[in-house]
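Read through the structure below, which is laid out as structure tokens, and then see the notes.
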Amino acid sequence: MTQKNRITGGLVDRSTTLNFSFNGNRFQGHPGDTLASALLANGQIMMGRSFKYHRPRGALSAGSEEPNALVQLRKGSHQEPNTRATVAELFEGLEATSQNHRGSLENDFMEITDLFSRFLSAGFYYKTFMWPKSFWEKVYEPIIRHSAGLGRISFEPDPDIYDKGFLHCDLLVIGGGPAGLSAALAAGRSGARVIIADEDFMIGGRLNAETLEVDGISGSEWAARAAVELAAMDNVRLMARTTVYGAYDHGIYGALERVTDHLVTSNGKPRQILWRVYSRRAVLCAGATERPIAFGNNDRPGVMLAGAVRAYANRWGVSPGKRVAIFTNNDDGWRTASDLSRQGVNISAVIDTRDGEPRAQIPGATIAMGGRVMDTRGRKAIHSIKLVDGRTIDADCLAVSGGWNPNIHLTGHQRGRPAWREDISTFVPGQDLPAGMSVAGAANGTFTLAAALAEGHAASDRALSDLGMTPKGGDIAKAEDEAANVTAFWHVSESKARAWLDQQNDVTVKDIKLAHRESFRSVEHLKRYTTLGMATDQGKTANMLALALMAECTGKTIPETGTTIFRPPYTPIPMGALAGRSRGKDFRPYRLTPSHKWAEEQGAIFVTTGMWLRSQWFPQPGETHWRESVDREVAATRGSVGICDVTTLGKIDIQGRDAAEFLNKVYVNGFATLDVGKVRYGLMLREDGMAMDDGTTARLGKNHFVMTTTTANAGPVFRHMEFCRQCLWPDMDVHLISTTDGWAQFAVAGPNARKLLQKVVDSDHSITNEDFPFMACGEITVCGGTTARLFRISFSGELAYEIAVPARYGDSLIRALMAAGEEFNVVAYGTEALGVMRIEKGHAAGNELTGQTTAANLGMGRMVSKKKDCIGNVLSERPALNQDDDLRLVGFKPVNKSEALASGAHFIARGKSAVMANDEGWMSSVTFSPELGHSIGLGFIKSGQERMGEIVRAVDLVHNKDIEVEIVSPHFIDPEGDRLRV
Amino acid sequence: MSEYTMTALPALGGYQASFDGVTLQEVTATAIVSIAIPLGGDDAMAKALQDAYGTAIPRAGHTSLANDGATRFLGMSSEQMFAVFDHAGAHALDVIAGNLKDAGYYTLQSDNWVALRISGPRSRDALERICPIDLNSAAFPQGKVARTTMEHLGVIIYPDDTDSFILLSGSSSAGSFLHALETSIHNIL
């Protein structure tokens, strides 16, 4: 197809032809085209269907405010819905399809909804689908959801990659139009670190769409030269295709850079980058958005904003029609007529709502001063317009200008309220701007070129002066101030046909009036009731008209009617960009223990615990079920010796003259009397008296302790103790530092643990029971002089040690230990076997330390020393936490030994129904005990310590299990602890 | 003699790679010792540091260099600094303790961290993708140090030469940290 609407001029590169397709039809365009400009050049006026009524729609605008021309770009997994054709940069092979229709774009079956429009007014869902109630979820909602929606996702994983980044500058210039370029040049020439970002792929803003001159050359040429100058400055970062979408605290802005969207393929590089920009000052030069006028059937393809029609002609060399009419309430609309006429386009009429003399001579055009368009004709593209005086005028394009609204969105992202300016009939930025932000140019309501250039320059100078820098930006670029008078005019009241305000959501004048009649008069209510201003365009071309109409209905002024709150993002941000790299295995970092490589070699099955990857069990040849592996590991450990990597436990080095007293305060039990070379179990509470964490702390010297925490609480405990140290007791000489990653630590457990260790511990360190008894610790050497630490502690209930070496030796140590243990048939055991043995021994762990249990609940009430104070001591004495029938941690075994217990089951007395009122507690941990040959559990039950031998029911309603269990001691093996001390 | 031999294994196995404009390498022989200044012991520490190394206690966010240039002290907080120096073994603590005596509390930190040097004219471009710190040479010159996070991981960063930075991050997550850096480099090239 030929580019029948391509006219002379424009900034596209006509020496190169780009092939692309739309709905399978092949077209041609040029570098510099957008998809919309290329479609218009080819005479493809209709580009989509409306959301609700499925009415034919064409491009309304030439920018990111576009409500209608939404397309699906690319194919397959690369497909992206709701792409605005008006900002999609054309590239060779681009494939686009229209959306929101059933059948073809031209023949949409769903257009039938337009016939029922009188029944589909604002709030019709709420009024219509009331009966029968049960139909809502099963019938109505599925049908509505099937019919609604904008575009379709591919339902395939996004193959593109995305990145994030951080930028810093003295001055962030948001927008690369005349004011932005003027500001960036002034700041850049002054030596400031400048970032200038513009959403367009061509820097210059409206300068590229106008025929105005700057410094004696065309505005577009001046912009191009400015861009070259800025790009050459080391202190300036010029970012095209970058939308600053949000203003956040402390001068931080969010920006989306579309890196490869204009290319055929990303070639494995990030498609988009989400930047966080730290600015010391920012100048918002985001320009303005033209607003339409509401009149009958003003949504037909071919009805466009006047500034957009002018942009298509001046920038892209495209006339959207052969006979163009203009409907305006301001001087700017006349420039569309003048510019197009100069390019040879037939102007059929200029209709100005204002009385008086015509603002320009337009050859061949019907001039209607004080006129109004009340309707249009043409189903898939307009062919004529009808004026209120009854005249019908041929036009295949109607350029409408209702004035301009400054793009003040970012000024309101921190709840700043705009101010009304009557002289230009629009809102401008208010006084309460985000800290460090100023506004210049059209975004500030300064619509004329010379004034915008001056204001940008001045804003830059002020910002630099604020920062203590000397502005050296030179002269302000010279230009003329064009005519820009406007007289407010919002809608044509004589129109009988539906007049659209929000074309994206099919909200009409009638809907606003209905909302008013039904008392949805607050702008926030108006928005939610009518859906005005929602979806991808956020009502950029609609909100002002709706406000004006609501003001008219209520008899208030527009500023009295107010505005909704602007929130980020300014334009849509793809979910992929928000996710960045955080996808799949890169969702979060992994922490590996020093024995990880060795464990991989053994075929270990890994489990994530927090960020750690831990060995869960080590399957051996012939084992077909995890239980086989775990039972073997437990039996071998209890029978001889086993080794487990416990590096993940938090390790905190505590030093200082007051370290012992500090531990006395953070633990419930005493540590001041702990001898050097000894370890003690400790329990710490939160301030509210609930158990926070437990672990062991070893005293390596008079003023030197090493604390271990649970894996999960390593960070929180460190943070808690730093708070205690810095804020609660700043006069104590205590210093903390994490050593978790610094030491590879292994539990060596089982009757032959000592014999095994004696083969690796250097002989000048005796670890006999006499020299190194239960709960001893010391700094030793292993394997011929390597620094190590040894702790005689046990989580398994067996004779056990934990041995630690600097992490760099961890791989060597596990290999040495396994080799040394060969003669004892040593096994490596994972977290599952660890869990089995700790339940058999009755040790509390994460399932019991939930943050909702007390020391008394855990059976450790007597550990809370009353000879000293500690964190949580006072509140642990609350009466509600000290009832006679408090929960106690006890053991459970099934009456029928063949039955398996389930954690999460609740305890109910025999003969009582399984309801909340009869709930006596819950099972927290269960396992199959290889030692006992049946399932066992730990759990909390009221007065548990006094109910040994009692039979209760463990009811698991989730899994429909109800079994009888006997309350027993939580210490299933070696209750006296004899094995620990041999 | 022990039957078993212990071999030190760097967190990243001594990784080293060069890209167009960026070089990334694990610094394996770096020892790190945390030095905590006892409450009220600032003067004693200042004197010990001056006597032993001819330098001053660095303010938080700053570094100071021993007069022989071999040991760099990173100011981590008002009462804590890291001594960073070349030392291949695991006895770095003894070196610091021997020099500063009882002026401070010392904790071996060498194996807590993986140290990577990223250098070259495009090193800042790569770091820009994951590092929130302003790395402009005027804003972050040699002599400064910062603690930050990169891709959820805690990192200590300081410039050690023109277009060259040392990054310290947890050794257990060294693989993820390296992946983050390699991805950044890939994304900019």
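Just so you know, all these numbers are worked out from the coordinates, no wet-lab data involved. Worth saying up front: this structure is predicted, and the values here are computed from it rather than measured. So basically every Cβ, Gly included, is an ideal-geometry build from the backbone, and we count neighbours across all protein chains shown.
If you bin all the Cα-Cα distances of segment A:1-153 at 5 Å, starting from zero, the percentages per bin are 2, 9, 16, 19, 17, 12, 9, 7, 5, 3, 2, 1, 0.
Write down the Kirkwood hydrodynamic radius of chain B, to one decimal in angstroms, obtained as one divided by the mean of 1/r over all alpha carbon pairs.
Final number for the Kirkwood radius of chain B is 17.3 Å.
For A:Lys556, which lysines qualify as cross-link partners when the Cα separation must be under 17 Å and same-chain residues fewer than eight apart are set aside? Within reach: A:Lys513.
Across the residues of A:390-399, average count of Cβ atoms on other protein chains within 10 Å?
Per residue, the average neighbour count from other chains is 0.
Sorting check: for A:306-316, A:924-934, A:119-129, which peptide has the highest mean count of neighbouring beta carbons within 10 Å, and how do the rest follow? It would help to have the intermediate numbers written out before the result.
Details: A:306-316: 27.6, A:924-934: 18.6, A:119-129: 14.4.
So the order, starting with the most tightly packed, is A:306-316, A:924-934, A:119-129.
Structural size metrics of the protein assembly as shown, computed from C-alpha coordinates, are Rg and Dmax of 37.0, 113 Å. Specify which residue in the list A:Ala484, A:Ala902, B:Ala139 is farthest towards the positive end of the charge dipole of the protein assembly as shown, using unit charges on the beta carbon of Lys, Arg (+1) and Asp, Glu (-1), about the Cα centre. Selected residue: A:Ala484. For chain A, the residue among A:Ser61, A:Val761, A:Met818 whose Cα projects farthest onto the positive side of the dipole built from Cβ charges is A:Ser61.
Shielding by partners for peptide A:272-282, expressed as the average number of C-beta atoms from other protein chains within 10 Å of each residue's C-beta, is 1.
Using only the C-alpha atoms, the convex hull of segment A:883-982 corresponds to 104 Å³ per residue.
Would you please name the trypsin sites (Lys or Arg not before Pro) within segment A:207-242 that are DSSP coil residues with at most 11 other C-beta atoms within 10 Å of their C-beta?
Details: sites: A:Arg225, A:Arg237, A:Arg241; in loops: A:Arg241.
Passing sites in segment A:207-242 do not exist.
On a 21 Å Cα-Cα criterion, which of the cross-link pairs A:Lys386/A:Lys496; B:Lys47/B:Lys101; A:Lys52/A:Lys127; A:Lys702/A:Lys755; A:Lys322/A:Lys380; A:Lys893/A:Lys942 come out too long? Those over the limit are A:Lys702/A:Lys755.
Sort A:964-974, A:913-923 for me by packing, meaning the mean count of neighbouring Cβ atoms within 10 Å per residue, highest on top. Mind showing how you got there, number by number?
Details: A:964-974: 18.5, A:913-923: 14.0.
Order by mean packing, descending: A:964-974, A:913-923.
Enter the Cα centre distance for the pair segment A:918-982 and segment B:128-174, rounded to the nearest angstrom. What the calculation gives is 51 Å, centre to centre. In a reduced charge model with +1 at each Lys and Arg Cβ and -1 at each Asp and Glu Cβ, segment B:1-109 shows a dipole moment near 160 debye about its Cα centre. Classify segment B:30-110 as rounded, prolate or oblate from the Cα gyration tensor: take a ≥ b ≥ c as the square roots of its eigenvalues, call it rounded if a/c is under 1.5, otherwise prolate when a/b beats b/c and oblate if not. Here segment B:30-110 falls in the rounded category.
Based on DSSP, what percent of beta bridges with both residues in chain A are antiparallel, to the nearest 5? Working shown, then result.
On the way: 125 of 174 bridges.
So the antiparallel bridges amount to about 70 percent of the total.
Think of each Lys and Arg Cβ as +1 and each Asp and Glu Cβ as -1; about the Cα centre, that makes the dipole of chain A roughly 1760 debye.
What share of the DSSP beta bridges in segment A:1-153 is antiparallel, in percent to the nearest 5? Walk me through the intermediate numbers first.
On the way: 16 of 19 bridges.
Antiparallel bridges: around 85 percent, rounded to the nearest 5.
Sparsely packed loop sites in segment A:55-89 (the trypsin sites (Lys or Arg not before Pro) outside DSSP H, G, I, E and B with at most 15 other Cβ atoms within 10 Å) comprise A:Lys75.
Couplings for segment B:149-156, taken from phi via the Karplus curve 6.51 cos²θ - 1.76 cosθ + 1.60 with θ = phi - 60°, read 10, 10, 6, 6, 9, x, 9, 9 Hz in order; Gly and Pro are left as x. With kT/(6 pi eta Rh) evaluated at 25 °C and eta = 0.890 mPa s, and Rh the Kirkwood radius from Cα pairs, segment A:696-849 diffuses with a coefficient of 145 µm²/s according to Stokes-Einstein.
Taking the mean number of other Cβ atoms within 10 Å as a proxy for protection, how do you rank A:699-707, A:167-175 from highest to lowest?
On the way: A:699-707: 19.1, A:167-175: 27.8.
Top of the packing list down: A:167-175, A:699-707.
Straight-line cross-link reach from A:Lys868 at under 20 Å between alpha-carbon atoms covers these aspartates and glutamates, not counting any fewer than eight positions away in the same chain: A:Asp658, A:Glu661, A:Asp675, A:Glu687, A:Asp688, A:Asp693, A:Asp694, A:Asp731, A:Asp733, A:Glu877.
Lysines near A:Lys759 by alpha-carbon distance under 25 Å, same-chain residues fewer than 8 away left out - which ones? Here the lysines satisfying the reach criterion relative to A:Lys759 are A:Lys597, A:Lys678.
Computed over chain A, the per-residue total of -39500 (n - 2.57) for DSSP H runs of n ≥ 4 gives a 222 nm mean residue ellipticity of -5500 deg cm²/dmol, rounded to 500. Only one residue of B:Ser164, A:Val309, A:Val264 has its Cα farthest out toward the positive end of the dipole of the protein assembly as shown, where Lys and Arg carry +1 and Asp and Glu -1 on Cβ, and that residue is A:Val309.
Evaluated with a Cβ-only charge set (Lys, Arg +1; Asp, Glu -1), segment A:1-153 carries a dipole of roughly 480 debye about its Cα centre, given to the nearest 20.
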